[in-house]
Ligand code: GDP
Ligand code: MG
């Protein structure tokens, strides 16, 4: 397949709008998987993905499709299509942008009844900024409340998409699906790249397989990659021999070669995924090449301590975390020790759902019992001597008692919220109570409003989404992107039991909220601690000043 007959595309959408179902249908339509294989959402392989019905890890599959146009008969040329399914959830936009780097186009799926939602907007801009050709797909037209014309108006108003470009489909009944692949072939450009240059490819993803070792997913940008070739990593300088190469069809299928523009897998004797850095350029060994533009490195925005529920299980937890991070390199891990919980780990995550999913996988896939501490965000503190430190563990601030804090900064996000207009009032209240600053307030159609706020990240990582869902009867959709650090009046609050600080419960709070947060925390703790024969004082303190107390 020369590049002219290759198309690389992904499917992007708000969660639940039908990406994975549409992917299934396209795989069936091309005979890549059997119809009724008994496992819906074929590409969602992880147990957590099946349980939660969400896609966490982007998966790729290659399909072959004969493109028949009016002037051609059954000799019509066959095309090689690489479909890259992407997660739609806020936390995984890192995975989304990674997938998009290997594509020239994207299907933007929008639910015909729900219309454009918060993640539709975020995903559209990711694709738009990557210069992808975007094919709008209005899905679920079989629903009684479907209103495709309204969705077309929204797409025009928000993204300047011509209504005539939209495909109307039902991934459930199959209606309209026959238009999708012809549109992919006709509207998405073939991959650029020089066929006769030395091989150069982008490392999209890697994972560890017990039998095969490290498996890398790659997009071949220039040249061809053959079994037996010697390749090198631009990041580490190490070289490898290609032991196996092929496509995901949808299982690993050896082909012996990948040509310019193709997406597939490579096995090359790498021993650990640490050697396979996502975003790295792999190229023909013994020559120097211009590395491809990599990805934005994953930014850890939420940190939490993870401790074995039973202190003696430290080794088991350590082993489980090591195995899991082999397949999820986006988690950062450092050892830490707490006087209350013993030895454990401080882990950094892309967001709250990411943290939850990691936690759940630890328990389900590795049988680890885990206690996690209150999540926190990376703050920056400046001391009197001008030094600045990033604080990922509030307890760690205590180790600098001699140093005076002169300034602090906290990360903020730009949040996009879409709601039916009757909920605008309560949502504005919630955002201002969370120290948010309004940036935008517009209507996307007659019933729906779009609000944009700049909010401190700390304010949205605990309970924000639940409260937002609660006050809007479940109608609000929410997405956010990282924004700048903002100077803020922050203090460290300790919790003391009988005068002894419990390091695992220290938090960093905004000065004006400290009193209330402290009061709520000690009240909660009082209910939580069983009645004792003797008196226990529970105190919240800032430095040596007690701000709340229960007995
Ligand atoms: P994703 O989160 O975007 O991957 O969405 P899924 O593919 O997991 O679909 C979410 C839900 O919508 C599932 O229950 C699907 O069965 C359902 N669904 C998908 N496509 C259609 C459709 O065209 N019509 C109807 N009525 N339901 C659909
Ligand atoms: Mg999905």
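Read-outs: derived from the displayed coordinates by stated rules, not from any lab. All values reported here derive from a predicted model rather than from experimental measurement. Reconstructed Cβ throughout: ideal geometry from the backbone, glycine too, with neighbour counts over all protein chains shown.
Fully extending the segment from residue 162 to residue 196, taken as 0.36 nm per residue of separation minus the present Cα-Cα distance, adds 8.4 nm. Computed with the Debye formula from one identical point scatterer per Cα of the stretch 126-254, without solvent, the log10 of I(q)/I(0) at q = 0.11, 0.15, 0.16, 0.22 Å⁻¹ comes to -0.64, -0.91, -0.96, -1.32.
Against the main long axis of the alpha-carbon atoms of the chain, helix 424-433 sits at an angle near 50°. For the stretch 265-355, the calculated P(r), taken from all Cα-Cα distances in 5 Å bins from zero up to the bin holding the longest distance, is 3, 11, 18, 19, 16, 12, 9, 6, 4, 2, 1 percent. Relative to the longest principal axis of the Cα atoms of the chain, the long axis of helix 148-159 lies at roughly 70 degrees. In the chain, the calculated helix contribution to ellipticity at 222 nm averages -7000 deg cm²/dmol per residue, counting -39,500 (n - 2.57) for every DSSP H run with n ≥ 4. Angle of helix 118-129 to the longest C-alpha principal axis of the chain, folded into 0 to 90 degrees and rounded to 10: 60°. Our note on the geometry: Cα centres of the stretch 331-371 and the stretch 114-166, 37 Å apart.
Ranked by the mean number of other Cβ atoms within 10 Å of their residues, highest first, the peptides 483-489, 12-18, 225-231 fall in the order 12-18, 225-231, 483-489. For the pair residue 524 and residue 440, a Förster radius of 25 Å applied to the C-beta separation gives a FRET efficiency near 0.10, rounded to the nearest 0.05.
Compactness of the chain was expressed as the Cα radius of gyration divided by 2.2 N^0.38 Å, which yields 1.06. One equal scatterer on each Cα of the stretch 308-388, no solvent, Debye formula: the resulting log10 I(q)/I(0) at q = 0.18, 0.21, 0.25 Å⁻¹ is -0.78, -1.00, -1.34. Peptides 361-370, 441-450 ordered by packing proxy, namely the average of other Cβ atoms within 10 Å per residue, highest first: 361-370, 441-450. Coordinate range of the alpha-carbon atoms in the stretch 360-415 per principal axis, descending: 47, 33, 14 Å.
Considering the stretch 408-455 at the alpha-carbon level, its Rg and Dmax are found to be 11.4, 43 Å. The modelled label-to-label distance between residue 210 and residue 145, using points 7 Å beyond Cα along the C-beta direction, is 4.6 nm. The distance between label points at residue 551 and residue 257 comes to 8.5 nm (points 7 Å beyond Cα on the Cα→Cβ vector).
For a quick protection proxy, order the peptides 468-481, 270-283 by their average other-Cβ count within 10 Å, most packed first. If you can, show how the numbers build up before the last one.
Numbers: 468-481: 18.0, 270-283: 19.6.
For the peptides 468-481, 270-283, the packing ranking is 270-283, 468-481.
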